[in-house]
Every structure is written in C-alpha cells, then in structure tokens.
1. Here are some conditions: (1) closer than 30 Å to A:I220 by Cβ; (2) out of contact with any Asp or Glu (no Cβ under 9 Å at 6 or more places or on another chain). A:L46 meets all but one. Which one does it not meet?
2. For residues that are within 19 Å of the chain's Cα centre (by Cα) and either β-branched (V, I, T) or under 18 Å from A:Y172 (Cα atoms) (or both), scanning just the range A:249-265, find the one that is surrounded by the most Cβ atoms within 10 Å (Cβ to Cβ).
3. Helices (runs of 4 or more DSSP H) wholly in the range A:166-279 with at least 3 residues that are over 30 Å from B:A120 (Cα atoms) - which ones?
4. Quick one: in the range A:166-200, which of the residues that are of a type in the set (D, E, K, R) and more than 10 Å from every other protein chain (Cβ to nearest Cβ) is surrounded by the fewest Cβ atoms within 10 Å (Cβ to Cβ)?
5. Among the residues of the range B:169-200 satisfying the criterion of being within 21 Å of B:T226 (Cβ to Cβ) and among the small types (G, A, S), which is farthest from the other protein chains (Cβ to nearest Cβ)?
6. Identify the single condition in (1) more than 14 Å from chain B (Cβ to nearest Cβ); (2) at pLDDT 90 or above that A:S206 does not satisfy, given that it satisfies every other one.
Amino acid sequence: MRRAFLIAVPYLWLVALFLIPFVIVLKIALSDVALARPPYMPQLDLSAGWDGITAFFAALDFENFWFLTTDDLYWKAYLSSLQIALISTVMTLLVGYPIAYGMARAAPEWRPTLLMLVILPFWTSFLIRVYAWMGILSNEGLLNQFLMWTGIMSAPLTILNTNTAVYIGIVYTYLPFMILPIYSALERMDDSLLEAAEDLGCSRTSAFWLVTIPLSKNGIIAGCFLVFIPVIGEFVIPSLLGGSGTLMIGKVLWEEFFSNRDWPVASAVAVILLLILVIPIILFQRNEQKQREAEG
Amino acid sequence: MHFLPGGSILPGRHPVSKEYTVAQTVFAPWEDPNEKPLIQFRNVTKRFGDFTAIDDLTQDIFAKEFFALLGPSGCGKTTMMRMLAGFEAPTKGQIFIAGQDMARIPPNKRAVNMMFQSYALFPHLSVWDNIAFGLKREGKDAETINARVEEMLRLTRLSKFAKRKPHQISGGQRQRVALARSLAKAPKLLLLDEPLGALDKKLRQDTQFELMDIQEKTGTTFVIVTHDQEEAMTVASRVAVMDEGRIIQVATPAQIYEAPNSVYVADFIGDVNIISGRADPNGEKVAIQWAEGQPDIIGTTTTRFDKGQEIHFAIRPEKVGISTEEPQDAANKVQGKVLDIAYLGNISTYHVELPTGHVIKAQTANTRRLSRRQITWEDPVWISWTDTAGVLLER
C-alpha cells in the first residue's frame, strides 16, 4: 500500500504536468485555426452528448503536420536548430572539459570554491545574464570598445545579432551543465590509474587519452546531452543575441504562436520537436542506466 | 632461502622444506663480493617539505632477490619504492638500476613495473586488455601480444576470466590480474606495494606462496613493501627493517629473527622479552646484572661489551622453558608466578611475573590433545633458558 503510494506520487506528477498538457497540445495540433477565443476549432461540446463527441473527433486531422512539410521554413529550422545544438555542444565540451579537468586536479581544499564559482552564475537571472552579453557584444559594447582602444580593430566588429553571438551565449549559459558531470567523473578517478598507465609505458599525453578520457566518457556523454537537448528548443538566446539570419525552431514556434496566432501549427511544431528530442533523451537515459550498472 | 633451480617446486604448492634446501646451493648474492647489484641506492635522501622520508640511505639489492621493505607506516618504505618506479625523485643522492643512473628517466622509460596497493586496474578494460596494456604501448605485433597475454593468464590461472571486467571478479582474482599485468612486460624489477593487504588472511597465505612460485619461475627481481612482518618473513630472501627513513637492519628472515641487531628490530619482528641491565663480560660469555638480589643472566655474544655498559637482553618466548619443578641443568632460571595464559590452539603463551615486577612470556607447543593443564593461573613456576637462547643488544 505504502509502496503503491510512493510510486503513485511521481506518476501523478507526470500525468498532471506532462501527459495532460501534452494531450492538450496534441489536440490543438490536430485542430484548425479559427478567429475565435481560443483561436482554434473544434471545441469539445459535452452538452451535445455522444453526437458532440463524434463530431469533435471527426473534425480532428493531420492537416497541420502536412502543412509543415509544404513550407521548407520548418524543416530548415529543425535542421538549423540541430546544427546549432551540435556545434555549440562540441564547443561547450571543448571549453568545459579543460575547466572540469583543472578543477578535479586542483588541491582538494580548493575544489569546493571552484565548484561554487561554476554554480554562482545561477544565482542571477538567466535573462539578465543574456542581456549583459548584449551589452558586451554590441557594436558600441565593451568588447568592441576594448578592441578599438587597444588598436587591434579600427572599425567595430559585428558580433551581436549573428550566429557567433548565439554560440557565445549558448556556450556561456550551458557551460555548468557540461562541467559538473565531467568534473564528478574525473574527481572520482583514482590517481594511481594514471601512475599505472605511466608505469606500463604511457607518456603523460597517451595516459590522458587512454585512461582519463575513457574513464570520464560517461560524464562527457551526460554533459553533452544536458547541453544538446535544451539547446535544440532554445528560444531566448537566439531571439536576443541572434539576428534575422538565425533560424531556430524555438523562434519559429514563438512566432507562429504569438505573431501569427496560429496555435494549431505552433502546436504541431512543438509535437514534432518533442518527437525529435525523445531520441537523445532515451539515449541519455540508457547511458545513465549503463553507468549505474557498471558501478553496481 | 627458497630460491631453487627450476623444477624443484610443485606448481602452486608450498615450496620444499628448509632442511631440503640446505643441501642445495644457497642463494646469497649479497655475500659474494664479485656479484654486481641490480639496484644501488647511494646516499639517497628524500624530503617532502621539511619532512624527511628517506634519510641518507645506501643499499644494494641483487638480481633475482625477493627483497622486502618492512616497517611501520611513515617509515619511508613506500617512498623508496616510488623512487624506484620513478614517481618520486630523490632530493639528494643517486639510484642506479643495472648500473644506470635513473635520475632523469621517467616511469614509462624504466624496465621496472609496479603492482599497486589498490591494484589500479583499468575499470574500462577487460582482464585481457588490462594485461595487454603495457605490451600494446611497446608496439608489439598482435601475435606476440596475444601469446604473452595467454602465457600470463595461464601463469596466474586467470584464463577463464579473460573477458571479464575488473568489477566482475573477486578481490583475489583482481590481485592476480594486477600481478599478471605488471609481469607482462617481463620487467627487470617488479615492485609490489602491499600487494596482499586487501585479501583476507587465508587467501593471503596462499597468495604468498603463489608469489614466491611466480618469482622463482620468472626469475624477476621482486621488491615488496609491507607492514606485515609475517608476510615479509614468508616471501623474502632478505628483509630490510626500516624506521624513520633509515634501514635499521638488512638480513635473511632467519637472521632478522634469531639475530636482530637492535631492540627495535627484535621488538618489530615477532614477540620478544627484553630485559635491560649492566654488562659484566667474561670472554664470550656476558653476565647481565638486571635486578638486585637476582642471579645474573648469562648470555653469549660475539660483540665486545665494556664492564658496566648498558645492555639489553632479548629472548623469544618460545626459547623460554616453563616448569613447575626447578630445572637442574639450565644456565638461567628464575622463579615467578603465572599471571596470564593465552591459549592459541597450537601453542600457549604464559605471562610469568617475576618478584622484580618483570613479566616474561614463555611459550610451549601443545603437542598433546586436551591434556590436563598442569600449569594454571597464580601457580608458582620456574622459567629457564640456555646461555645461547637470547641475544645481547647494545641499543
């Protein structure tokens, strides 16, 4: 009884906050746009009894999903999102791994402080930090002022409203999600393994590639998914730092929803996005499972 | 001691008894002035900050030796081993391996392999790949590697587990993988850092004999670090007893036990009774005045003592006889009273309190099963020993 109750709590949570909203979104995606409030048809009319329900289901169709394939904006936006997510994940890994490595190698009494410094940015609002980047990257921003002052540049560098700014913003924002899992994998590693590798004929560099990297593999995979998955649907960073050329599905979704007021198409975009995300999420769960088994 | 020509050892069994080995050539290269040592420590000092781990140490270790570094934690034994592996550099002095100064040679360029206390097996690699790791780094071809790994698996009886990961095998098997991995490259010198520390007692004893077998079969020089004196005594050809960064005594296990050079060594190895007094030499016999109103203890020595010099008499409990009647022909005998009896199954240790307050331990073998114990608590007893049973020590 107690066991059933304990299991029921997370399931109820998931049903109430994930499954029911998803069914609503799916229903909207299968509806048609209408000049009404809410702006879509049909509405379920329970007062009409059984006829009302059949009429409601008869009116639902996959028209909006079909529409997504007719306009190349959508699949381009999906692809572009995947591309931006992929590139920024690799960049975050390249920046994050050395930081995590340095933290794990630091003297034990320094580690909590370093960990704190990584987490510290979360104490301020994410929006404020992205706005701060606008101040840094704009044509009259801090970075350009500095570059012109040193004389490296004679004219300001256009960074804001380009994909470069989006990458900077994403790497900056998601860096802790990359650092923390890698750090936790590296910190657990036994130093004598590296000594053993050296003892058996490895140079320091080959010991790193043959021992450190494989042993932090699970941390790397976890970090990459933690960055990749949310970045695909990222909306705030491309809309604030990106320009008109930055095509990301999150932005398209927002425009369909708020500018076009086409809720059904916006919902269809969201459903497809979710289906795309299910694949990496399952892979991520598998990785976690495997890691738990290996430690078991 | 146990170093024998190949073939005289039954595989995986206890080596032949001591009496038998005496008839053969005794392995003692340290007594041969023409023999070149494999390892030479020359005035080596190692400091960590203001802590001196190794203090001006000079020591030779010979090829094919099973050399044990024995001492309490913090005595510098691990530092000595890590300097041989190349993980630490001496602050002062030189280390030679096969005549070569090792000062600038990194660990991966040394013909030395180490078996780590934690085993340090690579958790992401199978048993097979762990053993092959060092061979692959040498760039050997696949066939050679394959043959060598299979040989190592057979030697350590691990063939069945080749495909398993380290977390899928038992502690004893892991220990054997670590040994196989460190032996795979056929090093000149194998370092073993507390290799059996993680095993339970029974498994440890079996593994000790296995280690000796493998050392004999491969002819590799082994240097073992341990704090377990029984382990050092069992496996080693020579034992170095260390304290505070110095080697106090280096000798065969039998010499260390029967002829310790100091109270520290006598006390560190096995059980011992120490009685301090003043020397009164008379030829090779020395009388020790140790307590007022008690007859002097008579001992035999080859070292010269001055009259009145402070002297320590060390005697092992098993060399002290105990009886209810006064023994007739003993050189030394004292009367006392039984304070405590420790029954250990095969032997019993009696703690006998003398009228002077000294407590002397005497040991007897329980050769008869469940015999009526003739000596019990509070009994007045005689303890006795011959004039050659104990050792006379200056310090």
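1. (1)
2. Only one residue tops the list, namely A:I249.
3. A:217-232, A:236-241, A:249-254
4. Top of the filtered list is A:R188.
5. B:G172
6. (1)
Each row is one residue, and each column tells you yes or no for (1) closer than 17 Å to A:V211 by Cβ; (2) in contact with a Gly (Cβ under 6 Å, 6 or more places away or on another chain); (3) modelled with pLDDT under 90.
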residue	(1), (2), (3)
B:G93	no, no, no
B:N108	yes, yes, no
B:D129	yes, no, no
B:A142	no, no, no
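Every residue, every condition in (1) part of a strand (DSSP E or B); (2) at pLDDT 90 or above; (3) closer than 23 Å to B:V265 by Cα, yes or no:
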residue	(1), (2), (3)
B:Q294	no, no, no
B:I298	yes, no, yes
B:H312	yes, yes, yes
B:D329	no, no, no
B:G345	no, no, no
B:T376	no, no, no
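The values are calculated or read from the model by the stated rules, or taken from the named source; none is laboratory data. Everything quoted here is computed from the prediction, not taken from an experiment. Cβ coordinates were reconstructed from backbone atoms using ideal geometry, including for glycine residues, and neighbour counts include every protein chain displayed.
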